[in-house]
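Engineer: Structure below; questions to follow.
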Amino acid sequence: MAGAARPGSRPSTAGSAADHGVPGGRPTGRPRGGFPRPWRLIGLLGALLSLLLVAWPLGHPALAQAAGRQLRLTDFQMQARVDRSGSVEVTETLTARFQGSWNGLVREIPLVAQRPQGPEPLGWRLLSITDGEGHPYRYETSTQGSDRQLKIFIPQAHDASRTAVIRYRVRNGIRFYPDHDEFYWNVTGNGWRIPIERAEARVLLPEGVKDLRAAVYTGAEGSTARDARLQIGGDAVSAVTTRGLGPGEGLTLGLGFAKGLVAAPTPLQWAQRWLQARLALLLPLLIGLPLWLLWQRYGRDPRLGAVPVAYEPPEGLAPAVLASLVAEGVSSEALGATLVDLAVKGHLRIEALPNALETLAKDVDPRFQAQTRAVLQLFCTTSYRFTLLSDAQRQRGLRPHERYLLSTLFPSQEPGASIDTDALRNTYYVHVPGFEQLVREALQGLKAYRAWPSAVRAATFFGSIAAVVVLPLLLRLLLPDDIVALQGRADPWLIGVALVVSLGLIAVFSWIMPSRTVRGTELLRQTLGFHEFLGRVEAPRFQRIPLTPELFERYLPYAIAAGQTLAWSAAFRDILVAPPSWYGGDGAGFSGDSFDAADFGRSLSNCCSSASSSMHTSPSSSSSGGSSGGGSSGGGDGGGGGGGF
């Protein structure tokens, strides 16, 4: 019957074993007096071993019983009643012959149907398991892959014939094609590990069936043999095998009939079946929707509004604190900006140390020294020296993170003590977390955030990852077994796509989840306005602001924290005629005998980068349809197998 799927492969059959000849030869004769003593001993041991092998089953009761323990199905009868709704009630009557002592039967029944349009849930539901007279049997159920395993305990299964009747219903038992519908059913299944002497199937259809046709198949999976008698009646079809079925062989029956006998699924039901096999598509929705609701409730900042220009830092806050407010975490510029701020306040002196390439730059024409120095800096890292100028008494008025920086740079606290950036490399990194913690505490003291941004991001990220892991496990417990068994069978690549999309949503929402308070938003508005002034101080609208060396020094640390060092220095090109008193050495801004503020800004920016890099550096470590004849045995829905235990 056109449209029904055939199995993808037919199991290979084993060829006959080859005969093994024994190489011959001429007798060598034996010495007079019989065999030598070693050969006599070997012969005696062989005779004893043969005697033990023969006598062991007879002398050991357990092994003798196991040798005579056999099981076969003498009869397998299946009756299927098709309902107009498309559901099918199946009754299997299994008659088993137990030789020896057994506990019962095992029956495995698939939960998933492999249809032409893809895998679908059968909607399998067990109704009862009884003996031939209707008395219930004790049984255990478990899921093995995509099969439901029934372990049926049969009393007195010892050298006797016993019958088990299994009744179940499948909600989705009919296949629908454009020109006909079909009940294509693997009656016995091809997974039986014991022989079946006789198998019979009978299918009852609703009244009014038209164009009824059928085909039957027997044998191993993929076989098109028809060792069965087929009988087609008015609204029923039956088939019975004409030979016994060995382990791995089965009986399959396919029925085709005109459309309209069974109600076809609606488009919504088709969509539901399609989605049931691809529940991974819901993962981004199940992850993204809660994250969006959380962001709407807790992660949205108050409206920022227009940003007016500000000509001074808000509330006189430290450069490191303002930089961290904008960065939503301790800024990478915080350390360098704090060093320059301490130098401006008279607590430090910064000196650029000479190097061989800087010496070469001095021999170049003064008009090109600045450009030459900039090129040489690409190949050479300048070192800097920090010298302490203040004592502990003067440092009492500093902010906690500023005092911490001086105390860890100069443990002796003696004015005149100095340290080079080369000496800080691989040693000072242990103090950086303490500095960052103090900056964080200063920012938290402003109540600018509902919670610290990095903690919110970590909680959102790892909580969402935990949900990605737990959600499938939870759905596995809540969903029917046939729906669970479907997952990954249809379009398995969708699972990867769903995971990638979900991880992308987690990354985005984790980043935007931290939120500012109303006060934090106002501080941010003022800070951004101040940064606008630092970066565009040369604009015509700022001409009323007098540019003086004092203004340059006062706001230079803030320009460094905002990443505006070069723009701020260039604005004072015609104002500064000498470097500040707290900065000196090679590269201090002199080109020949003249001072260039822009060159000084580049040197200072390089100083902050070099200092921050040295102080953060840690030591490196090493390390077709079945009803029209186009099917086969093992095709169709149903199937499974079984055995004994």
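The values are calculated or read from the model by the stated rules, or taken from the named source; none is laboratory data. Model, not experiment: these values are computed from the prediction. Backbone-built Cβ (ideal geometry, glycine too); neighbour counts: all protein chains shown. Only protein heavy atoms, including side chains, enter the accessible area calculation; ligands, DNA and RNA are left aside. Shrake-Rupley method; radii C 1.70, N 1.55, O 1.52, S 1.80 Å.
Engineer: Report the residue count in segment 296-346 for those that are buried (at least 24 other Cβ atoms within 10 Å of the Cβ) and in contact with a strand residue (DSSP E or B) (Cβ under 8 Å, 6 or more places away or on another chain).
Structural biologist: So the answer is 4.
Engineer: Output yes when any residue across segment 429-441 is assigned to a loop (DSSP other than H, G, I, E, B) and open to solvent by 70 Å² or more (accessible area, probe 1.4 Å), and no when none is.
Structural biologist: no
Engineer: State all residues of segment 95-147 that are assigned to a loop (DSSP other than H, G, I, E, B) and aromatic (F, W, Y); if no residue qualifies, say none.
Structural biologist: W102, Y137
Engineer: Starting from segment 541-561, keep only residues that are in a helix (DSSP H, G or I), then list their pairs with residues that are open to solvent by 20 Å² or more (accessible area, probe 1.4 Å) whose Cβ atoms are within a distance under 6 Å, requiring at least 6 positions of separation or different chains.
Structural biologist: E553/V344; A561/E333
Engineer: Taking segment 413-428 as the search range and keeping residues that are open to solvent by less than 40 Å² (accessible area, probe 1.4 Å) and part of a helix (DSSP H, G or I), which one is farthest from T617 (Cα to Cα)?
Structural biologist: T421
Engineer: Can L286 be described as surrounded by 13 or more Cβ atoms within 10 Å (Cβ to Cβ) and within 30 Å of R84 (Cβ to Cβ)?
Structural biologist: no
Engineer: Being closer than 25 Å to V240 by Cβ and surrounded by 20 or more Cβ atoms within 10 Å (Cβ to Cβ): is that true of G134 here?
Structural biologist: No.
Engineer: Need the failing condition index for A498 against (1) open to solvent by 20 Å² or more (accessible area, probe 1.4 Å); (2) under 41 Å from the mean Cα position of the chain (by Cα), just the number.
Structural biologist: A498 satisfies every listed condition except (1).
Engineer: From the residues in segment 97-107 that are in contact with an Asp or Glu (Cβ under 9 Å, 6 or more places away or on another chain) and open to solvent by less than 30 Å² (accessible area, probe 1.4 Å), which one is nearest to T188 (Cα to Cα)?
Structural biologist: Within segment 97-107, the match that is nearest to T188 (Cα to Cα) is R107.
Engineer: What about D159, is it of a type in the set (D, E), open to solvent by 10 Å² or more (accessible area, probe 1.4 Å), part of a strand (DSSP E or B) and more than 20 Å from G250 (Cα to Cα)?
Structural biologist: For D159, the condition - of a type in the set (D, E), open to solvent by 10 Å² or more (accessible area, probe 1.4 Å), part of a strand (DSSP E or B) and more than 20 Å from G250 (Cα to Cα) - is met.
Engineer: Considering (1) open to solvent by less than 30 Å² (accessible area, probe 1.4 Å); (2) assigned to a helix (DSSP H, G or I), say which one R457 fails and leave the rest.
Structural biologist: Condition (1) is where R457 drops out.
Engineer: Would you call L505 over 30 Å from L281 (Cα atoms), modelled with pLDDT of 90 or more and open to solvent by 20 Å² or more (accessible area, probe 1.4 Å)?
Structural biologist: The answer is no for L505.
Engineer: Can you give me the number of residues within segment 466-481 that are open to solvent by 50 Å² or more (accessible area, probe 1.4 Å), in a helix (DSSP H, G or I) and out of contact with any strand residue (DSSP E or B) (no Cβ under 7 Å at 6 or more places or on another chain)?
Structural biologist: 9
Engineer: Looking at segment 484-491, can you tell me whether even one residue there is within 26 Å of L291 (Cβ to Cβ) and open to solvent by 50 Å² or more (accessible area, probe 1.4 Å)?
Structural biologist: Checked segment 484-491: at least one residue is within 26 Å of L291 (Cβ to Cβ) and open to solvent by 50 Å² or more (accessible area, probe 1.4 Å).
Engineer: Quick check: is even one residue across segment 142-151 touching a helix residue (DSSP H, G or I) at 6+ places or on another chain (Cβ under 6 Å), of a type outside the set (F, W, Y) and closer than 26 Å to F183 by Cβ?
Structural biologist: Yes, segment 142-151 has at least one match.
One line per residue, one yes/no per condition, for (1) at pLDDT 85 or above; (2) surrounded by 19 or more Cβ atoms within 10 Å (Cβ to Cβ); (3) touching an Asp or Glu at 6+ places or on another chain (Cβ under 7 Å):
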| site | (1), (2), (3) |
| --- | --- |
| R198 | yes, no, yes |
| A201 | yes, yes, no |
| R226 | yes, no, no |
| T241 | yes, yes, yes |
| P247 | yes, no, no |
| T252 | yes, yes, no |
| A258 | yes, no, yes |
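Engineer: For R202, only one of the following conditions fails: (1) assigned to a strand (DSSP E or B); (2) under 30 Å from Q272 (Cα atoms). What is its number?
Structural biologist: (2)
Engineer: So in segment 70-96, with the set limited to residues that are open to solvent by less than 70 Å² (accessible area, probe 1.4 Å), closer than 20 Å to G248 by Cβ and charged (D, E, K, R), which one is nearest to the chain's Cα centre (by Cα)?
Structural biologist: E92
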